[in-house]
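See below for the structure under consideration.
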Amino acid sequence: MKSEKHLQKKQEIINTAFKVWSRSHYFSTSLNDIAETLNITKQAIYRYFKSKKELIYAMEEQIICDYRKNSTKIIEIIETLPLDKSVESYVMNQISFFRKHKEYLTFLISIVRLRDNDTKEFQTILLKQNEYLQKKLSLPLSAVNYVLNIIVFYLLKGERESLEQMTEKVCNIFRNGFATELLTSPVNVDEILTNTRIPLIEETERNRVLQAISDVVLEDGPQASMGKIAKKAGMTKSSLYFYFKNKEEMIINTMRGETEKFVDYYYEKVSSYEEIGEQLFAHFVITASMTIERPKTVHMIHWFITRGMAEKFSKPTDFEKYRVFFENAANYKYLNTHGVTADQLLMLVNFCITYEINNVQRLSLNKEEKYKLVYGLYDLFTHGLKGLKGDY
């Protein structure tokens with residue numbers, strides 16, 4: 001049996017790992033970083049954890065334990081409340097919990113993005129909690145997931161409002177959405193859903209290389225080995241140098257090329273529609289399509305733009321084509337940003353779409369069923385609960 005002193009030191013390492021992780025995330029977080037923060041050696045950490053992976057599992061277990069207690073608590077509270085107070089109590093509870101444990105959010109988001117096809121115990125707890133709320137309020141499950149995403153967005157944004165003010169803001173968005181009276185609903189949604197999907201990637205050697213780069217770098221970060229990438233692509237290591245001079249060029253050029261192709265496709269499709277509502281729905285479909293058809297590319301582009309090689313990877317000028325739609329929609333009063341920037345609103349939309357499609361609850365859906373999730377998400381974003389059929 002471990003001594004009390006041993007257990008206390010182990011807990012200190014876990015707590016420090018959360019803090020270090022929140023600054024640098026998995027790819028660039030090392031045991032050395034954690035050891036330096038604790039003012040101990042890396043070897044000292046191995047007395048408590050055999051590997052970085054074992055430490056990560058311990059961090060996951062701590063979150064699961066704390067969130068399970070919190071989930072039980074909110075279900076017990078909601079059980080005693082009338083319907084009109086249940087959502088407000090749920091929102092307040094989630095904000096309170098994750099404000100107290102903000103480092104859990106950073107960890108969970110990065111872990112979920114890395115393991116989007118695994119069934120995790122945390123997600124199982126979340127599913128039970130959200131299914132309960134869904135039945136209690138007679139809401140679609142997507143609506144419960146959506147309100148949680150709004151909460152997470154504002155917490156990560158660093159909102160400093162009081163718990164009561166923050167709860168009121170989230171509930172207002174959830175009930176009423178982001179659309180103003182100027183935004184008209186698209187009438188040809190089925191056509192847009194069909195016409196704006198990203199085409200399947202052609203099976204060529206270069207595309208196999210690109211997919212291998214995406215897969216391996218997502219797992220290992222910038223330190224991914226050329227040998228592992230070559231093996232994943234089914235070719236020799238020397239063959240990779242036919243396409244790239246070195247690993248750094250390979251990663252940066254891959255990201256730049258994939259981003260530019262996506263933005264060009266996006267701009268062409270969105271610009272083909274005249275109404276803002278149609279353009280907004282097209283954005284939802286294209287983002288969903290990228291998530292469904294090329295999930296690894298989405299994660300890799302997101303990570304490298306925001307974290308990985310940010311100092312060396314410059315966004316192409318054409319990237320403005322991707323973000324300018326939301327800026328125009330806000331400036332011309334088609335969207336109420338509720339106090340966030342157009343860029344942040346874009347991030348919220350994409351986060352909600354990616355989460356809903358990659359969610360473990362949706363893994364059993366076929367491709368066509370996943371695309372149909374866009375309808376409900378669009379209605380929730382634009383008009384909140386008022387946009388859904390039924391009296392909520």
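The values are calculated or read from the model by the stated rules, or taken from the named source; none is laboratory data. The structure displayed is predicted, hence computed values, not measured ones. For neighbour counting, all protein chains shown are included, and Cβ atoms are generated from backbone atoms with ideal geometry for every residue, glycine included.
Out of (1) in a helix (DSSP H, G or I); (2) crowded, with 18+ Cβ neighbours inside 10 Å, what's the single condition that is false for Asn15?
(2)
Under 19 Å from the mean Cα position of the chain (by Cα), at pLDDT 70 or above, among the hydrophobic types (A, V, I, L, M, F, W, C) and under 25 Å from Asn188 (Cα atoms): is that true of Leu335 in this structure?
It is false that Leu335 is under 19 Å from the mean Cα position of the chain (by Cα), at pLDDT 70 or above, among the hydrophobic types (A, V, I, L, M, F, W, C) and under 25 Å from Asn188 (Cα atoms).
Hey, can you tell me all the residues within the range 362-392 that are among the hydrophobic types (A, V, I, L, M, F, W, C) and either surrounded by fewer than 20 Cβ atoms within 10 Å (Cβ to Cβ) or at pLDDT 90 or above (or both)?
Scanning the range 362-392 gives Leu363, Leu365, Leu373, Val374, Leu377, Leu380, Phe381, Leu388.
Restricting the search to the range 62-84, which residues are loosely packed, with under 14 Cβ neighbours inside 10 Å and assigned to a helix (DSSP H, G or I)?
Within the range 62-84, Cys65, Lys69, Thr72, Lys73, Glu76, Glu79, Leu83, Asp84 meet the criteria.
Name the pairs: first residue in the range 77-96 and free of Cβ contacts under 8 Å to residues at least 40 places away in the same chain, second residue surrounded by fewer than 20 Cβ atoms within 10 Å (Cβ to Cβ) and small (Gly, Ala, Ser), Cβ to Cβ under 8 Å, at least 6 apart or on different chains?
Every condition considered, the pairs that remain are Ile77/Ser89; Leu81/Ser89.
So, in the range 32-51, how many residues would count as being surrounded by 15 or more Cβ atoms within 10 Å (Cβ to Cβ) and part of a helix (DSSP H, G or I)?
Adding up the residues that qualify gives 5.
Could you figure out which of (1) surrounded by 17 or more Cβ atoms within 10 Å (Cβ to Cβ); (2) hydroxyl-bearing (Ser, Thr, Tyr); (3) in contact with an Asp or Glu (Cβ under 8 Å, 6 or more places away or on another chain) isn't true of Ser22?
Every listed condition holds for Ser22 apart from (1).
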